[in-house]
Amino acid sequence: IDVGTAAGQVSAATAGGAIHVGQAAGVRCETAAGPIVLGSIAGPIRAISSAGNIRALLGKQVLTGDSDIQTWHGDVVVVLPEDLAVTIRALVDNPVGKAIHSDFPLAIQRELEGVGRPLETGEAKLMGGGPLLRLRTLGGRIVIQNASNVSAPGDSRPRTNEPSTEEQ
């Protein structure tokens, strides 16, 4: 599924394959197997992949609601403008090594879940906090990048191949 630019919210679902959204006022997308690549998104995001990486570039506007980005087998990469007011809550279930990497200061903790699996969590309030941005993966990595440190922050088609612990 490939959507270039949408004036409103995009809803997309597929049982297998990639979802690409260039620009939108918000997204709700789900794939059973495949990457999700979100360009400049200015509103709430709900992106879920059962098996695939997710990469999202949040727009410079104020987020208008909470967002949820999660994959069960893959990495989550989020690119944020440095002046975006947002509260980040990142969770890696069963992490391997250091699983959360961020250009922004996060309070990172590692603990054991009740069933004995390790958890790595990271939390921060950027610019005093704002809508909640929940990030989650099982066994993958979460990377939170400052848009000013990314080579082409205005690119509406972020690359799906960085960083990754699995081949696409």
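Observations on the structure shown:
- Positions within region 1-19 being closer than 23 Å to His73 by Cβ, in a strand (DSSP E or B) and open to solvent by less than 30 Å² (accessible area, probe 1.4 Å), in sequence order: Ala12, Ile19
- If you go through region 20-49 and keep only what is touching a Gly at 6+ places or on another chain (Cβ under 7 Å), farther than 17 Å from Leu84 by Cβ and either of a type in the set (Lys, Arg) or crowded, with 16+ Cβ neighbours inside 10 Å (or both), you end up with Val21, Gly22, Thr31, Gly34, Pro35, Ile36, Ser49.
- Count of residues meeting criterion [among the polar types (S, T, N, Q), closer than 21 Å to His73 by Cα and at pLDDT below 95] in region 90-120: 1
- Pairs, first more than 19 Å from Thr71 (Cβ to Cβ) in region 6-25, second assigned to a loop (DSSP other than H, G, I, E, B) and among the hydroxyl-bearing types (Ser, Thr, Tyr), C-beta under 8 Å, six or more apart: Gly22/Ser156; Gln23/Ser156
- Only a single item in (1) over 19 Å from Pro44 (Cβ atoms); (2) at pLDDT 95 or above; (3) among the charged types (D, E, K, R) is not met by Asp68, and it is number (1).
- Within region 75-99, if we keep just the residues that are in contact with a helix residue (DSSP H, G or I) (Cβ under 9 Å, 6 or more places away or on another chain) and in a strand (DSSP E or B), the residue that is nearest to Arg141 (Cα to Cα) turns out to be Val79.
- Of all residue pairs spaced 6 or more apart or on separate chains, those with beta-carbon atoms under 6 Å, a first member in region 114-142 that is of a type in the set (S, T, N, Q) and a second member that is surrounded by fewer than 21 Cβ atoms within 10 Å (Cβ to Cβ) and assigned to a strand (DSSP E or B) are Thr121/Leu91; Thr121/Gln109.
- Gly52, sole failed condition from (1) part of a strand (DSSP E or B); (2) open to solvent by less than 50 Å² (accessible area, probe 1.4 Å); (3) within 21 Å of Glu120 (Cβ to Cβ): (1)
- Note on region 100-152: among residues that are part of a loop (DSSP other than H, G, I, E, B) and among the acidic types (Asp, Glu), the one that is least open to solvent (accessible area, probe 1.4 Å) is Glu113.
- Screening Thr87, Thr64 for residues that are within 13 Å of Gly130 (Cβ to Cβ), open to solvent by 40 Å² or more (accessible area, probe 1.4 Å) and of a type outside the set (A, V, I, L, M, F, W, C) leaves exactly one candidate, Thr64.
The values are calculated or read from the model by the stated rules, or taken from the named source; none is laboratory data. Please read these numbers as outputs of a predicted model, since none were measured by experiment. Here the Cβ is made from the backbone with ideal geometry for all residues, glycine too, and neighbour counts use every protein chain on show. Accessible surface areas use protein heavy atoms only, side chains included; no ligands, DNA or RNA. Shrake-Rupley method; radii C 1.70, N 1.55, O 1.52, S 1.80 Å.
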